[in-house]
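Note sheet for the following structure.
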Amino acid sequence: MANKLFIGNLAWEVGADDLKDHFSQFGEVTDAFVATDKYSGRSRGFGFVTFADEAAAAEAKSLHGTDFKGRDLVVDDAQEKKED
């Protein structure tokens, strides 16, 4: 999970391709995902970016608090999904 980052406070129009493009400045992005509401299909305002290596993920954390499409990003290490 060290290569995977949680990205929060996304603008509603941001898609996975936007995330991939924005974060690829730090290294190879192997996966980018924006969570959507299962009924409306609208963005839930957060997503995840996975890098090929840990160093790139560590550098990408520098985007925390920076503006992206009018919103200040929240960038943090992704946490394992808890089982119910």
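A short reminder: the numbers here are calculations on the coordinates, not readings from a lab. These numbers come from a predicted model, not from an experiment. Every residue, glycine among them, receives a Cβ derived from its backbone with ideal geometry; neighbour counts consider all protein chains shown.
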Each residue of region 69-76 in order: what ³J(HN,Hα) in whole Hz does its phi give by Karplus 6.51 cos²θ - 1.76 cosθ + 1.60, θ = phi - 60°, with x for Gly and Pro? 6, x, 10, 7, 5, 10, 10, 8
Under 5 Å between amide H atoms, partner at least 5 residues away or on a different chain: which partners does Ala78 have, H built in plane at 1.01 Å? Lys4, Leu5, Phe6
Once amide H atoms are placed 1.01 Å from N in the peptide plane, what residues at a sequence separation of 5 or more from Thr36, or on another chain, have their amide H within under 5 Å of its amide H? Arg44
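Which net charge results for the neighbourhood of Asn9, defined as the other residues with beta-carbon distances under 13 angstrom from its beta-carbon, given Lys and Arg at +1 and Asp and Glu at -1?
The answer is 0.
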At 25 °C and 0.890 mPa s, grab the translational diffusion coefficient of the chain from Stokes-Einstein with a Kirkwood Rh over Cα pairs, rounded to a whole number in µm² per second. 191
Value at 222 nm in deg cm²/dmol, rounded to 500, when DSSP H runs of n ≥ 4 in the chain each add -39,500 (n - 2.57): -4500 deg cm²/dmol
The answer for the net charge of residues other than Ala32 whose Cβ lies under 13 angstrom from its Cβ, with Lys and Arg +1 and Asp and Glu -1, is -3
Environment charge of Asp21, counting only residues whose C-beta is closer than 15 Å and scoring Lys/Arg +1, Asp/Glu -1: -3
Can you return the lysines within cross-link range of Lys20? Criterion is Cα-Cα under 19 Å, with same-chain partners fewer than 8 residues away left out. Lys4, Lys61, Lys69
Output the relative contact order of region 5-84, whole-number percent, from Cα pairs under 8 angstrom with separation of 6+ residues. 39
